[in-house]
Amino acid sequence: MDNKNPSRILFRTFTSLAAAYLILCAIHTAQAEPSPKLPDDVRAAQIRDMKFGMFICWSLSTFSGYEWTRGVEDVRFFRATGCDTDQWCQVAKDAGMDYILFLTKHHDGFCLWDTDTTEWKVTNAPLGIDVLSKLRESCDKYGLKLALYFSEGDWSWIEGDIPADGLIPGSEDYGDRIWRSGANAELKKAQLKELCTRYGPIEFFWMDHAQGLGGVNHAETTKWIHRFQPNCFVGYNHGEPSGRLALRERGKAGEIGDANASKYNKEGEAGYGGYLAAEFTYPILPSHEGGADWFYSLPEHDNLCHKPEKIYADYLEAVKYGNIFSVNVGPDYAGRIRGIDAKTLRQVGDWIRTGHELPTR
């Protein structure tokens with residue numbers, strides 16, 4: 001065969017490029033199409049088998065010293081000097097964890113992914129990177145699964161001045177002393193679609209109802225997520241029960257339907273029959289004066305942390321009841337998990353691997 005014939009070389013080059021294009025098209029199509037829905041019992045067993053994970057809250061409140069951060073208008077307020085998602089995942093693996101639960105957007109509306117829906121996002125901050133994309137890569141690298149926290153409503157959706165009493169006249173929650181956001185149904189759906197279609201398989205959504213429905217009720221929100229990821233479990237910390245995952249914010253392990261295991265979602269836990277799995281979570285920071293609980297608190301609290309014995313005991317309870325347990329940590333200003341958190345969780349992981357027995361009380 002004459003390999004120097006220009007026409008033959010051109011033909012082979014064209015066919016190789018055409019083949020490569022077809023392969024890329026096939027991959028894109030495969031990624032765009034949702035995976036077939038698994039039977040509920042199969043998928044529920046997969047969720048329950050995750051057992052233990054790390055809930056990561058990192059956003060504007062990391063830098064404010066408050067749990068809820070209102071009134072910030074400059075994206076440069078998010079002044080992280082780094083973002084070590086590999087360290088997050090290494091700490092999780094050392095702790096014997098199976099997944100990361102990541103905060104994508106808190107009530108302030110600041111998005112930790114490169115969304116097309118708003119300029120109020122991390123890629124416009126000095127850090128300038130898509131944190132969720134970076135975390136997805138690290139999760140894949142370390143063999144961890146990914147779940148997402150999402151605030152249903154947010155304060156960036158409110159038009160005009162915020163009333164002094166924090167209430168929005170005419171909103172569904174007007175009269176409630178807890179300030180709730182306005183509604184923006186299309187924006188909520190667009191953001192959830194991005195999260196479902198751009199960042200690979202999501203194990204479950206942890207939906208925070210603290211700022212209302214955001215314009216889409218829970219039944220429709222669950223249906224919308226399943227349109228893109230039918231195997232993704234969805235749970236709501238309170239409000240209208242929906243989805244297959246019972247959320248117990250600051251709760252504890254227990255049978256599905258045990259209202260005593262939930263602090264905020266008691267009616268949903270006891271009266272809703274659709275749950276197939278249950279998750280409970282609390283911060284690794286014990287109660288303290290000043291600063292946040294769920295986010296990095298303040299430098300004076302850098303040595304404050306729950307004892308590994310407590311976390312390990314709650315892990316054992318989660319396994320006993322077939323629950324999943326998400327212990328919350330807050331990366332610091334440099335985007336790293338605190339040394340005391342890493343040390344504590346490493347001890348928990350050692351005990352998980354060795355089957356350590358805690359002394360009876």
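Which one of K223, K263 is in the same structural domain as Y149 (by TED's automatic domain parsing), part of a loop (DSSP other than H, G, I, E, B), more than 20 Å from I100 (Cβ to Cβ) and among the charged types (D, E, K, R)?
Answer to the selection: K263.
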If you go through the range 346-358 one residue at a time, do you hit one that is among the aromatic types (F, W, Y) and in a helix (DSSP H, G or I)?
-> yes
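Keeping to the range 88-129, report how many residues are part of a loop (DSSP other than H, G, I, E, B) and on the phi < 0 side of the Ramachandran plot.
Of the range 88-129, the ones part of a loop (DSSP other than H, G, I, E, B) are 95-98, 104, 106-110, 112-120, 125-129.
When the remaining residues are screened for being on the phi < 0 side of the Ramachandran plot, the result is 95, 97-98, 104, 106-108, 110, 112-120, 125-127, 129.
Of the residues in that region, 21 qualify.
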Considering only the range 139-148, how many residues are over 15 Å from the mean Cα position of the chain (by Cα) and in a helix (DSSP H, G or I)?
-> 3
Considering only residues of the range 189-220 that are of a type in the set (S, T, N, Q) and assigned to a loop (DSSP other than H, G, I, E, B), which is nearest to V131 (Cα to Cα)?
-> Q211
Would you check if there is a residue in the range 223-231 being surrounded by fewer than 18 Cβ atoms within 10 Å (Cβ to Cβ), within 16 Å of the chain's Cα centre (by Cα), polar (S, T, N, Q) and at pLDDT 95 or above?
-> no
Could you identify the single residue in Y282, Y296, Y312 that is assigned by TED's automatic domain parsing to the domain that holds I100 and over 19 Å from D98 (Cα atoms)?
-> Y296
Quick one: which residue in R70, R48, R43 is of a type in the set (K, R), surrounded by 11 or more Cβ atoms within 10 Å (Cβ to Cβ), at pLDDT below 90 and under 27 Å from N328 (Cβ atoms)?
-> R70
Kindly provide the set of residues from the range 99-146 that are among the charged types (D, E, K, R), in contact (Cβ under 8 Å) with a residue 60 or more places away in the chain and buried (at least 20 other Cβ atoms within 10 Å of the Cβ), ordered by number.
-> K105, R136, K145
Residues (more than 19 Å from M97 (Cα to Cα) and touching a Lys or Arg at 6+ places or on another chain (Cβ under 7 Å)) located in the range 122-151 | A125, P126, F150, S151
Restricting attention to the range 251-292, and to residues there that are more than 18 Å from G239 (Cβ to Cβ) and among the polar types (S, T, N, Q), which single residue is surrounded by the fewest Cβ atoms within 10 Å (Cβ to Cβ)?
-> S287
Give N260, N303, N328 a once-over and let me know the one that is more than 22 Å from the chain's Cα centre (by Cα) and touching a residue at least 24 places away in the same chain (Cβ under 8 Å).
-> N303
Out of the residues in the range 303-320 that are assigned to a loop (DSSP other than H, G, I, E, B) and at pLDDT 95 or above, which is farthest from G254 (Cα to Cα)?
-> L304
Which of the residues spanning the range 298-325 are over 18 Å from K343 (Cα atoms) and crowded, with 21+ Cβ neighbours inside 10 Å?
-> A318, N323, I324, F325
Reported set for the range 267-324 where residues are farther than 16 Å from I256 by Cβ and among the small types (G, A, S) is S287, G290, G291, A292, S297, A313
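Inside the range 61-87, can you point out the residues that are part of a loop (DSSP other than H, G, I, E, B) and over 22 Å from S133 (Cβ atoms)?
Let us first name the residues in the range 61-87 that are part of a loop (DSSP other than H, G, I, E, B), namely 65-74, 78-84.
G65, Y66, E67, W68, T69, R70, G71, V72, E73, D74 - these are the residues of the range 61-87 that are part of a loop (DSSP other than H, G, I, E, B) and over 22 Å from S133 (Cβ atoms).
The values are calculated or read from the model by the stated rules, or taken from the named source; none is laboratory data. Remember, predicted model here, so these are calculated numbers, not experimental data. Backbone-built Cβ (ideal geometry, glycine too); neighbour counts: all protein chains shown.
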